[in-house]
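The values are calculated or read from the model by the stated rules, or taken from the named source; none is laboratory data. Computed from a predicted structure; not experimentally measured. We place every Cβ from the backbone using ideal geometry, glycine too, and count neighbours over all the protein chains shown. Each accessible area value is taken on the protein alone, full model and side chains, heavy atoms only, with ligands, DNA and RNA left out. Shrake-Rupley method; radii C 1.70, N 1.55, O 1.52, S 1.80 Å.
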Amino acid sequence: MPRDYIPIFIFLAVAVLFPVVTIVVAKLIRPSAPFLAKLEAYECGIKAASDSRGRYTVRFYIIAILFVIFDVETIFLFPWAVRYRTLGWFGVAEVAVFLAILIVGYIWAYKKGALEWV
């Protein structure tokens with residue numbers, strides 16, 4: 001029984017060691033000569049007008065989070081699309097309920113003003 005897990009442990013070791021070894025080798029090989037111009041935010045020759053860590057409006061984050069949430073939820077349509085013939089009308093009803101919940105979420109977000117950019 002434990003012999004069956006040996007390939008998994010080898011795969012995990014390779015998965016952990018590969019990025020670590022790659023980063024260490026890159027650190028040893030790359031040239032390291034920091035100077036003031038290189039440490040600036042942009043190397044375009046123009047001095048920065050202000051701090052690069054400006055504030056964004058909360059609406060930007062709300063729209064980004066809504067996009068991620070609804071985008072991830074639509075990924076759940078892929079298994080249904082693969083098996084829609086075997087699911088029959090029951091599968092169509094399930095997807096209709098799922099899409100209705102998504103549409104209700106979009107309507108709620110629209111009424112809250114989360115989708116307005118200005």
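Structure above, values below:
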item: Protection proxy ranking, peptides 15-24, 68-77, average beta carbon neighbours within 10 Å, highest first; result: 68-77, 15-24
item: Å² per residue, accessible surface of region 57-118 at 1.4 Å; result: 84
